1. With the structure loaded, tell me whether residue 31 is touching a residue at least 60 places away in the same chain (Cβ under 8 Å) and within 13 Å of the chain's Cα centre (by Cα) or whether it fails that test.
2. If you go through the range 72-88 one residue at a time, do you hit one that is more than 19 Å from residue 14 (Cα to Cα), assigned to a loop (DSSP other than H, G, I, E, B) and more than 13 Å from the chain's Cα centre (by Cα)?
3. So, in the range 38-71, of the ones that are under 10 Å from the mean Cα position of the chain (by Cα) and in a loop (DSSP other than H, G, I, E, B), which residue ends up surrounded by the most Cβ atoms within 10 Å (Cβ to Cβ)?
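Bear in mind that the values in this text are calculations on the coordinates, not laboratory data. Quantities reported herein were computed from a predicted structural model and do not represent experimental measurements. Because the Cβ atoms are built from the backbone with ideal geometry, glycine has one as well, and the counts that use them run over all protein chains shown.
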């Protein structure tokens, strides 16, 4: 449904974080935030310059001016933290 309305929909696997989050005092929220923001950086690079694995197929096709993040349980905590950790100078804007 979201894709039909022009949204890029992505599911990020945080299994590596999940397997180690018991070690972090925040339960891995910071690591999940970094993972989300890393993927937003990738989309910015693919949208701006192109790169593997998409080549130039996504150049100019991804609107990062309005990003919606969705997560469940610990993933929800991670996307909330990503919104907090992001700033107005980032090449994307997370809607709150």
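1. Considered against the rule, which asks whether it is touching a residue at least 60 places away in the same chain (Cβ under 8 Å) and within 13 Å of the chain's Cα centre (by Cα), residue 31 comes out as no.
2. yes
3. Going through the range 38-71, the residues under 10 Å from the mean Cα position of the chain (by Cα) turn out to be 38-43, 67-70.
Add one more test, that the residue is in a loop (DSSP other than H, G, I, E, B), and what stays is 68-70.
Details: 68: 11, 69: 21, 70: 10.
That would be 69.
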